[in-house]
1. Restricting to helices (runs of 4 or more DSSP H) lying wholly in the range 27-116: which have 3 or more residues that are in contact with a helix residue (DSSP H, G or I) (Cβ under 7 Å, 6 or more places away or on another chain) and at pLDDT 75 or above?
2. Anything in the range 1-26 that is out of contact with any strand residue (DSSP E or B) (no Cβ under 7 Å at 6 or more places or on another chain) and either assigned to a helix (DSSP H, G or I) or modelled with pLDDT of 95 or more (or both)? List them, or say none.
3. Identify all residues within the range 48-81 that are without any contact (Cβ under 8 Å) to a residue 40 or more places away in the chain and crowded, with 22+ Cβ neighbours inside 10 Å; write none if there are none.
């Protein structure tokens, strides 16, 4: 039995231009919760970071985003089908980046942690999955 009240799943090309699509879709889905502007901004920022990480680091063609809700909890899953993360602990350290001579700050996971209630990252050689939950609005 599925405990989630509603679920949508979308797949899109792993292109940086689709980051805006993903964050807007998540915000539209969250509108059911009657979120505050701050809650929407945090959600959109966390989704943006997750999708951007997938686009930049996974070297994959597709990304899947699944959104689920239960009462006032939103679950966002971003999955890529790329090369995986060799050391998740190291990758989640603030300021860690694999990009030498690049303008990337290495704060993607830090931002996701700051703007969500839970963050789970799993990775293997066939892809990485980021699962974030966020309570929005009143229960």
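The values are calculated or read from the model by the stated rules, or taken from the named source; none is laboratory data. Bear in mind the structure is a predicted one, so any value in this text is a computation, not a measurement. Note that we place each Cβ from the backbone using ideal geometry, even for glycine, and neighbour counts take in every protein chain shown.
1. Those helices (runs of 4 or more DSSP H) span 37-57, 108-115.
2. From the range 1-26, those out of contact with any strand residue (DSSP E or B) (no Cβ under 7 Å at 6 or more places or on another chain) are 1-2, 15-17, 19-20, 23-24; that's our starting set.
Within the range 1-26, 19, 20, 23, 24 qualify.
3. If we filter the range 48-81 for residues that are without any contact (Cβ under 8 Å) to a residue 40 or more places away in the chain, which is where we start, we get 48, 51, 59.
Hit for the range 48-81 is 51, nothing else.
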